[in-house]
């Protein structure tokens, strides 16, 4: 999908992404989206056909950003531990730079818009399968590479979405470069024992 051609469509897409990421599809109304874009509620139907179609457009928009990332990652990939580390680093950096995308996927992990099962079928699973196929022979026998990748996906998105609780009751978040670097080291050290 290309960006919506009209300024109205772009404003609605941006508003919807923010609200779907923060509140989820089920708790967001077309009126809220229109209000966030500074437009009448009829604009949602006129531009996209309704809230459901707008949600699917938001998901497709986020997926296409991630697909460009995946293509870039694969182009730079080297078939060794350093290549795996680069994949992980690029994935983490993408979501640090796109926290609303991480939040949107976290909403889906909590069964938001659960009736729209085609989203994972069409978008998530093909990417997971591509990375698993690319990297699967680098892990020790018996390691389920698909689940390793899902674990990394969930972990990265959860870190970006919620941060790391600390001993004072606060959180170290993805807006703190020290927390990101600590988390990056943890990801590397978690992956290394799985490699051949």
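Divide the volume of the convex hull of the Cα atoms of the chain by its number of residues and quote the answer in cubic angstrom per residue.
In the chain, the Cα hull volume divided by residue count equals 136 Å³.
So which residue, out of 103, 82, 34, gets the largest mean-square fluctuation from a GNM of the chain using Cα contacts under 10 Å as springs?
82
Just to confirm my numbers, what's the Cα centroid distance between region 108-159 and region 2-63 in Å?
Result: 26 Å between the Cα centres.
What residue among 29, 151, 173 has the largest mean-square fluctuation in a Gaussian network model of the chain, using Cα springs under 10 Å?
Highest fluctuation of the listed residues: 151.
How far is helix 51-76 tilted, in degrees, relative to the longest principal axis of the Cα atoms in the chain, given as a value from 0 to 90 rounded to the nearest 10?
30
Grab the DSSP H runs of the chain that are 4 residues or longer, score each as -39,500 (n - 2.57), total them, divide by all residues and round the 222 nm result to the nearest 500 deg cm²/dmol.
Details: 9 runs with 130 residues, N = 196.
So the calculated ellipticity at 222 nm is -21500 deg cm²/dmol.
Any idea what % of Cα-Cα pairs in region 120-196 are farther than 15 Å?
Values: 1846 of 2926 pairs.
Here the long-distance tail beyond 15 Å is 63 percent of all Cα pairs in region 120-196.
Could you put 154, 105 in order, starting from the residue whose Cβ has the fewest other Cβ atoms within 10 Å?
Result, fewest neighbours first: 154, 105.
Within 10 Å of each residue's Cβ, count the other Cβ atoms and sort 121, 84 from fewest upward.
Values: 121 10, 84 23.
If I rank by nearby Cβ atoms, fewest first, I get 121, 84.
How far is helix 7-23 tilted off the main Cα axis of the chain, in degrees rounded to 10, range 0 to 90?
60
Every number in this text was worked out from the coordinates using simple rules, so none of it is lab data. This structure is a prediction, so every number in the text was calculated from the model and none was measured. Positions of Cβ are generated from backbone atoms using ideal geometry, with glycine treated the same way; all protein chains shown enter the neighbour counts.
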